Amino acid sequence: MSGKVFKKIRLVGCSGVSFEHAVEMAVKRAGDTLHGIGWFEVVELPGGIRDGGAFEWQAVVDVAFKVDGDAT
């Protein structure tokens, strides 16, 4: 019997552009150091206000990657 096992990690991407860009930043950064990324899930979309008007878009993202080896 074979199967797949994934591990999830939670990241917070930040952007001065948009929520979508914040998600992309989190997933891209994860891909720089992890292999076998299979999916992601946006958990929360908070934001920040800096200096009374500049926005910081944030995305809390769970990223899942495949654990090496066979699951039996």
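Every number here is computed from the coordinates shown, using simple stated rules; none is lab data. Quick caveat: nothing in here was measured; it's all calculated off a predicted structure.
Taking the helices alone, the chain has a mean residue ellipticity at 222 nm of -7000 deg cm²/dmol, built from -39,500 (n - 2.57) per DSSP H run of at least 4 residues and averaged over all its residues.
When the chain is treated as a GNM with alpha-carbon contacts under 10 Å, the residue of 40, 55, 19 showing the greatest mean-square fluctuation is 55. Listed values for the stretch 30-42 are Karplus-derived 3J(HN,Hα) couplings in whole Hz (6.51 cos²θ - 1.76 cosθ + 1.60, θ = phi - 60°), namely 4, x, 5, 10, 10, 10, x, 5, x, 6, 9, 9, 7, and x replaces Gly and Pro.
Springs between alpha-carbon atoms under 10 Å, Gaussian network over the chain: tell me which of 13, 47, 38 tops the mean-square fluctuations. Of the options given, 38 has the highest mean-square fluctuation.
From the square roots a ≥ b ≥ c of the eigenvalues of the alpha-carbon gyration tensor of the stretch 6-66, which class results: rounded (a/c under 1.5), prolate (a/b over b/c), or oblate? The shape class here is prolate.
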